[in-house]
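Worksheet for the structure shown next.
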Amino acid sequence: MVSPESSSMFSDSTLAPFKTWHTLSADQTLQILDTDSETGLTSEQVIGRQQQYGLNELKEVPGRSTLEILWDQFTNIMLVMLIAVAIVSAVIDFRKGNFPKDAVAIFSIVILNGMLGYFQESRAEQALAALKRMSSPRVRVVRDGKMQELAAKELVPGDIMFLEAGVQIPTDGRLVEAQNLQVREAALTGEAEAVIKKPSMELTEDAPLGDRLNMVFMGTEVIQGRGQVIVTNTGMTTELGRIAEMIQGVETEPTPLQQRMTQLGNVLVSGSLALVALIVVGGVIKTGSFHSLEDLLEVSLSMAVAVVPEGLPAVVTVTLAIGTQRMVKRHALIRKLPAVETLGSVTTICSDKTGTLTQNKMVVQSVQTFDQVFQVTGEGYDPVGELQLITSEQNNTISSDSEVLERILTACVLCNDAQLQQDDNKWHILGDPTEGALLSLAGKVGLFRDIHNHKNPRLAEIPFSSERKRMSVICQLQDHENPECVMFTKGSPELILAQCTSVLVGNQNVLLAEADRQIILEQNNAMAGKGLRVLGFATRPLTILPPEGEEESAEQELVWLGLVGMLDAPRPEVREAVKLCREAGIRPVMITGDHQLTAKVIAQDLGIAELDSLSLTGQELQKLTQTELEQKVEDVSVYARVSPEHKLRIVQALQKNGEFVAMTGDGVNDAPALKQADIGIAMGITGTDVSKEASDMILLDDNFATIVAATEEGRVVYSNIRRFIKYILGSNIGEVLVIAASPILGLGGVPLTPLQILWMNLVTDGLPALALAMEPAEPAVMQRPPYNPRESIFARGLGLYMVRIGIVFAILTIVLMVWAYNYTQGTPNPERWKTMVFTTLCLAQMGHALAVRSDTQLTIQMNPKTNPYLWGAVALTTVLQLLLIYFPPLRNFFGTHFLSFTELSICLGFSALMFIWIEMEKVVYKWFINRR
Ligand code: ATP
């Protein structure tokens, strides 16, 4: 063991690597780290230590190396096939004694595509790293004697930090004190069970990590209780730093859509290989010789290249990335990429009440003792205002010196962990707003927590949890005559009343009769019926302190003090968001720990529930079997007094009924429900680190309206993805049919070289497709029911559209091809028909891109300004296409031919037919719908 006297051997530079803090007492640790448990470090100490130890960060786990990312680009099955095509084409050219132009070009395009993919992926990784930084946790510390909240990365050895349930511990540290502090250390020890920490222990040097009960470690999670910790090690010198690769970041798994795209790629590649085999073998059998092998190979290679939509994977990735950016702008931080596309399919949003639907700015409105009601004046958290007696059952004397009221106000400050602070003449709170409101109430009569806590030290506590719905403290009351100590309890009135046996009336303890209980419950209902959040207060004198760990046993035979009702006004923007939800076929559901009446009043006010809507309490839910719950969930809009484990059952029941559920949560125990939900949503401001870790999305402003906004963005992303898939694959089908038709019609040779096809797939298809990904929301996007999340990407007519448009595309081009072939034969440059086919295919796609923006609206009805990118992409692509024909170096490279003005106009005319066709389809579709 190391004695404090030996502290001099730990010069600042050796502090961090020092690993045997568990052998020291808390006092020794404070001494060695030159800090104070009450006032923390001074600003100068912090600056010095920050320079010395740097930020409290783990070095990023090296992701894929540059080479690995690059290599992955070229192992993509589509590119592998292109490389194979290039090799075969080079062999053919060499045999013919030609320069292997196609092969060189294909290789260039493969490299270009690989580089593009590489830059996109690197950018995506950077964007995800930025998202990760945004979700980095904050922590409460005391510095210069002042409580403050700061980013965990700013912690230095010697800082005094405070832990509470749900916190992911950001450094290693020695505990100074702990109240029922339970920590899950699975990340470090693999042990799933939470351990109860014991600050008073001093251990031997060889105590294994899992047994170091006087220490806490980075990356582990507080499940219950509270604790005060001296930071001992930060960043890479922590235990976790040594195994840094275990840290989880923002997850980057491919989305279902990306997976389906990869599968589609595989199918297309295998399909095109089969096509090559079919054409070659069929051709050889038909001609009975191998002479035409090279021609056959040429046709089949072109077809193989045409089938594969080379530009598609890049466009999908970019669209998802754009989606996350749009969502961040609307305060929704995506943690798991699949959420971007699946958000649009949400059918039910289960939301907490406090802070998400309401403002989480509590203001106490009234205090009710058994026989007196006090109205409270004042605004915000300012401890300014009055308590006015408005009714009194027994007499009408103003008794602000009422003993009961005084006890309630004392309980407000002692049974409280929040801080009321004044900065720049403005009062604000650190900690739970419910507790902040109580501090502000007590402040109105001059009771302040710091002074009171000092006079009446806290001896023990049972912290608040959503399951227990109450909090108790045991304090030494200095100015109290008889008892050694007193317990104060606050929380859900029904639960606290159930533990009471008497009630304080005036200054008398009166036995609580059944009729009195009914009166109190009615008082509670009356306050809750006004939409107030009501807390009950009780007390109990104790002659002896209950043994450590058994404090809960003292929460009985309590003396009822009264009720405090506070207003937490609904967020004004939520009403509109709820309306939008309903129009979009999404059902909003409130799940709250609060009283049923409070919940119902607020739900009605916001439009979540009607007067006669069904609501369930946690107690009622508990009695239902899962099957019974499944039958009820569709009709219940408000769940009150629920515990986190009920949330899990509610999600499961909804999912069983085929609902696609988004669920919010903030506490540690909400994590299972968040994981189970299709979209788990954590609160950015009030959420615990554990809930954030389990979520798919974080609300940066804790606001329900943000969920609805993100859902809207999800729908936009999904419909844009479908839009460009329609556009790209329709074109591929058209190309294949045109190439196949040429030898069948005996036109001799392939109209398009692999290089030209690649140009089309990557550039003339790719650029407008990217622009289609920027398409804003259609006006009706939130006025239709959600689509089935499990539907195929080709559902709702998309597959049929692709085939239909592919065929129309092919017919138009084939008609042009036959005409152009005959028209150019016998002229000085008979190969021009191929360039005409190439040009028509490209320009027709431009019309397709413009028309595909909407299924129902005609292009002239749409405002071109809403997607200027598309018009830019169409203009740029058209110019590039013309350069391929009229700029000699490009013409030589791409093997095109000069077209006269008339020939170009004919191509343009045929291309325009494609646009006209799609617009006509819309007219017919509308007419059909109107008739129905
Ligand atoms: P929501 O689940 O919508 O966020 P909520 O904030 O009411 O609602 P909880 O935080 O689980 O849910 O609180 C449940 C109940 O516990 C409250 O209605 C209140 O009666 C009681 N309560 C809340 N905060 C405290 C606290 N700090 N101390 C004691 N009791 C509390």
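Values quoted throughout were computed directly from the atomic coordinates according to the rules given, and no laboratory measurement underlies them. Keep in mind that this is a model prediction, so the values were computed, not measured. Neighbour counts are summed over all protein chains in view; Cβ atoms, including those assigned to glycine, are modelled from backbone coordinates with ideal geometry.
Ranked by the mean number of other Cβ atoms within 10 Å per residue, highest first, peptides 265-271, 101-107, 888-894 order as 101-107, 265-271, 888-894.
Summary value for the chain: 11 percent relative contact order, contacts being C-alpha pairs under 8 angstrom separated by 6+ residues.
Separation of the stretch 444-470 from the stretch 529-594 is 17 Å, based on Cα centroids.
Looking at this model, which pairs from Lys153/Lys490; Lys153/Lys336; Lys469/Lys530; Lys692/Lys726; Lys469/Lys632; Lys579/Lys600 are more than 29 angstrom apart at the alpha-carbon? Could the numbers behind the result be given before it?
Values: Lys153/Lys490 35 Å; Lys153/Lys336 23 Å; Lys469/Lys530 21 Å; Lys692/Lys726 36 Å; Lys469/Lys632 25 Å; Lys579/Lys600 17 Å.
Listed pairs above 29 Å: Lys153/Lys490; Lys692/Lys726.
Grab the beta carbon distance between Val879 and Ser108, set R0 = 22 Å, and tell me the FRET efficiency rounded to 0.05.
On the way: r = 21 Å, r/R0 = 0.94.
About 0.60, to the nearest 0.05.
The reciprocal of the average 1/r between distinct C-alpha atoms defines the Kirkwood hydrodynamic radius, which for the stretch 362-562 equals 17.1 Å. Across the stretch 775-787, rounded Karplus estimates of 3J(HN,Hα) from the backbone phi angles (6.51 cos²θ - 1.76 cosθ + 1.60, θ = phi - 60°) give 4, x, 5, 6, x, 8, 4, 9, 10, 10, x, x, 7 Hz, Gly and Pro being marked x. Backbone phi angles across the stretch 887-895, fed through the Karplus curve with coefficients 6.51, -1.76 and 1.60 (θ = phi - 60°), yield HN-Hα couplings of 9, x, x, 5, 4, 5, 5, 8, x Hz in residue order; Gly and Pro are listed as x.
What helices does the chain hold that run 24 Å or longer along their axis, going by alpha-carbon atoms, with a Kyte-Doolittle average of 0.5 or more, using DSSP H for the helix calls? Both cut-offs are met by 77-96, 256-287, 312-329, 704-744, 798-824, 832-851, 868-886, 901-931. The aspartates and glutamates whose alpha-carbon is closer than 18 Å to the alpha-carbon of Lys865, local same-chain residues fewer than 8 away aside, are Glu775, Glu778.
Note on Glu921 and Leu624: with the Förster distance fixed at 51 Å, the Cβ-Cβ geometry gives a FRET efficiency of about 0.50.
Taking a straight Cα-Cα cut-off under 14 Å and skipping sequence neighbours fewer than 8 places away in the same chain, the aspartates and glutamates within cross-link reach of Lys146 are Asp36, Glu38, Asp159, Asp423, Asp450. Scanning residues 5 or more positions from Thr358 or on other chains, those with amide H under 5 Å from its amide H are Arg571, with H placed 1.01 Å from N in the peptide plane.
How do 608-614, 217-223, 82-88, 539-545 rank on mean C-beta neighbours within 10 Å, highest first?
On the way: 608-614: 14.0, 217-223: 23.1, 82-88: 19.9, 539-545: 15.6.
Those peptides, ordered most packed to least, come out 217-223, 82-88, 539-545, 608-614.
The calculated FRET efficiency for the pair Tyr886 and Ala186, based on their C-beta separation and a Förster distance of 56 Å, comes to about 0.25. Applying the Karplus relation 6.51 cos²θ - 1.76 cosθ + 1.60 with θ = phi - 60° to the stretch 674-689 yields 3J(HN,Hα) values of 5, 5, 6, 4, 5, 10, x, 10, 9, 8, x, 8, 9, x, 7, 4 Hz, where x marks Gly and Pro. In this structure, the amide hydrogen of Cys485, modeled 1.01 Å from its nitrogen in the peptide plane, lies closer than 5 angstrom to those of Leu542, counting only residues at least 5 positions away or on a different chain.
If you take every residue apart from Pro743 with its C-beta less than 15 Å away from the C-beta of Pro743, what net charge results, scoring Lys and Arg +1 and Asp and Glu -1? Please list the in-between numbers first.
Working: positive: Lys286, Lys834; negative: Glu294, Asp295, Glu298, Glu735.
Net local charge, Pro743 excluded: -2.
When only Cα pairs below 8 angstrom with a gap of at least 6 residues are kept, the stretch 362-562 shows a relative contact order of 20 percent. Computed across the chain, the Kirkwood hydrodynamic radius from all distinct Cα-Cα pairs reaches 32.3 Å. Based on DSSP H segments of at least four residues, each scored -39500 (n - 2.57), the chain has a per-residue ellipticity at 222 nm of -15000 deg cm²/dmol. Computed over the alpha carbons of the stretch 582-698, Rg followed by Dmax gives 13.5, 38 Å.
Can you pull the Kirkwood radius for the stretch 534-648, inverse mean 1/r over Cα pairs, to one decimal in Å? Walk me through the numbers before you get to the answer.
Values: mean 1/r = 0.0592 Å⁻¹.
Over the stretch 534-648, the inverse of the mean reciprocal pair distance is 16.9 Å.
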